[in-house]
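K.L.:
Could you have a look at this structure, given as structure tokens, before my questions?
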Amino acid sequence: MNDIERSDLACEIAGNGKSPCQGAEWKTREAAGFLISELIISTKEAADNLGKPCGRYLTVECGRIDRLSAGDQRALAHLLAGELRGTVKRLTHKEIDSNLSVFVAGLGNADLTPDAIGPQTMRRLTATRHLRQYEGELYRAVGCSSLSALAPGVLGQTGIETSELLRGAVNATHPDVIIVIDALTARNCDRLCATIQLADTGIEPGSGVGNHRRAITYKSMGVPVVALGVPTVVNSATLVWDALSEAGIEREDPRLKEVLEKGKSFFVSPKESDLICESIAQLFARAIGLAFTEELIDVE
């Protein structure tokens, strides 16, 4: 895959709204005023063809998250909470109650704004695992799930692969499921900070920007992994293609493609990325809180 074609979004790789190949199926529906697309990859052949593991990829098209009204923010948080609960129940075969243990990992570099969604979300979560261990009566009375959270940083900061840190935390906490929060890459400017992807296949950090790190999946962690993210950057070539498209110049022009592929690769984000990432982190923290700790969450 060249730099121009890189994307973390299954809907862009597969072709939104179409059945891309045998063994892959699209479903669409509407909920709370938002369009939801679901790509189900069920065969190895389809997975190899699309470059995505077998599993379920949910895409919510919500528009720029920082521009949503307070009412739409609440509706979207409840929508995501419902999808998280359903996905976790399906993967763990357990009810969402005090017997469920959820480990949330906020990936990314807290010092790099477009990559800080994970760490910012962690700061807004209410952990409850310690209550289960040290305040058993209170924990059972509240009826929430056991929630633990960690922002492991990035390899350049710690010298340790993120997957290695998470595996150590998982071995210590024994969760039933891992929820990984991360910033993603898109190849369509219209999806920038306006599309949410939830996948039950785990994640390969940095793959969208060509910085492949060790995958965080059921195979590497030993428990199911749910990935939740929003694209916050696009390749600079995407901006050029969009401008040329508006001018009526076809993307298939081989000369233009050759020039862009040989050029330097940059990734860009909106100028308001600090406010956008804060809104996304608040949304994700609220959704996770509604799903697993209910009224305990406070992200305002």
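Just so it is clear, none of the values below were taken in a lab; they were calculated from the coordinates. What you see is a predicted model; the values in this text were computed from it and never measured. All Cβ positions, even for glycine, are placed from backbone atoms using ideal geometry, and neighbour counts span all protein chains on display.
K.L.:
Can you bin segment 54-182 into rounded, prolate or oblate? Criterion: square roots of the alpha carbon gyration tensor eigenvalues sorted a ≥ b ≥ c, rounded for a/c under 1.5, prolate for a/b above b/c, oblate for the rest.
P.N.:
It comes out oblate by the Cα gyration axes.
K.L.:
While we're on this one: Of the listed peptides 273-280, 284-291, 130-137, what is their order by residue-averaged count of other C-beta atoms within 10 Å, with the highest listed first?
P.N.:
On the way: 273-280: 20.5, 284-291: 24.9, 130-137: 13.0.
Output ranking for 273-280, 284-291, 130-137: 284-291, 273-280, 130-137.
K.L.:
Want the number for S236 to E294: 0.36 nm per residue separation, take away the alpha-carbon distance, what's left?
P.N.:
16.8 nm
K.L.:
Sort the chain into rounded, prolate or oblate with this rule: let a ≥ b ≥ c be the square roots of the eigenvalues of the Cα gyration tensor; rounded if a/c is under 1.5, and if a/c is not under 1.5, prolate when a/b is larger than b/c, oblate otherwise.
P.N.:
On the way: a/c = 1.66, a/b = 1.66, b/c = 1.00.
Prolate shape, in that a/c is at least 1.5 and a/b is the bigger ratio.
K.L.:
Once you sort the root eigenvalues of the Cα gyration tensor of segment 133-252 as a ≥ b ≥ c, which label holds: rounded (a/c under 1.5), prolate (a/b larger than b/c) or oblate (the other case)?
P.N.:
Taking the square roots of the gyration eigenvalues as a ≥ b ≥ c, segment 133-252 is prolate.
K.L.:
Of K44/K271; K44/K94; K94/K271; K27/K271; K219/K271, which ones are farther than 31 Å apart at the Cα?
P.N.:
On the way: K44/K271 40 Å; K44/K94 27 Å; K94/K271 43 Å; K27/K271 34 Å; K219/K271 38 Å.
Check vs 31 Å cut-off fails for K44/K271; K94/K271; K27/K271; K219/K271.
K.L.:
Once phi is turned into θ = phi - 60°, what whole-Hz ³J(HN,Hα) does the Karplus curve with 6.51, -1.76 and 1.60 give for every residue of segment 216-221, x standing for Gly and Pro?
P.N.:
Each residue of segment 216-221 in turn: 10, 9, 4, 5, 8, 9 Hz.
K.L.:
Relative contact order of the chain, please, whole-number percent, based on alpha carbon pairs below 8 angstrom and at least 6 residues apart.
P.N.:
The value is 23 percent.
K.L.:
What ³J(HN,Hα) values, in whole Hz, does the Karplus curve 6.51 cos²θ - 1.76 cosθ + 1.60 give for segment 161-177 when θ = phi - 60°, with x put for Gly and Pro?
P.N.:
4, 4, 4, 5, 4, 5, 5, x, 5, 5, 5, 7, 9, 6, x, 7, 7
K.L.:
Counting only helical runs of four or more DSSP H residues, what would the 222 nm mean residue ellipticity of the chain come to if each run contributes -39,500 (n - 2.57) and the total is spread over all its residues? Mind showing how you got there, number by number?
P.N.:
Details: 12 runs with 116 residues, N = 300.
It comes out at -11000 deg cm²/dmol, rounded to the nearest 500.
K.L.:
Short version: ³J(HN,Hα) in whole Hz for each residue of segment 188-199, in order, from phi by Karplus 6.51 cos²θ - 1.76 cosθ + 1.60 (θ = phi - 60°), x for Gly and Pro, what are they?
P.N.:
My calculation for segment 188-199 gives 10, 4, 5, 8, 5, 6, 10, 9, 10, 10, 10, 10 Hz in order.
K.L.:
For segment 72-177, calculate the relative contact order in percent as a whole number, restricting contacts to Cα pairs under 8 Å that are 6 or more residues apart. Please list the in-between numbers first.
P.N.:
Values: 133 pairs, mean separation 33.3, N = 106.
Relative CO of segment 72-177 lands at 31 percent.
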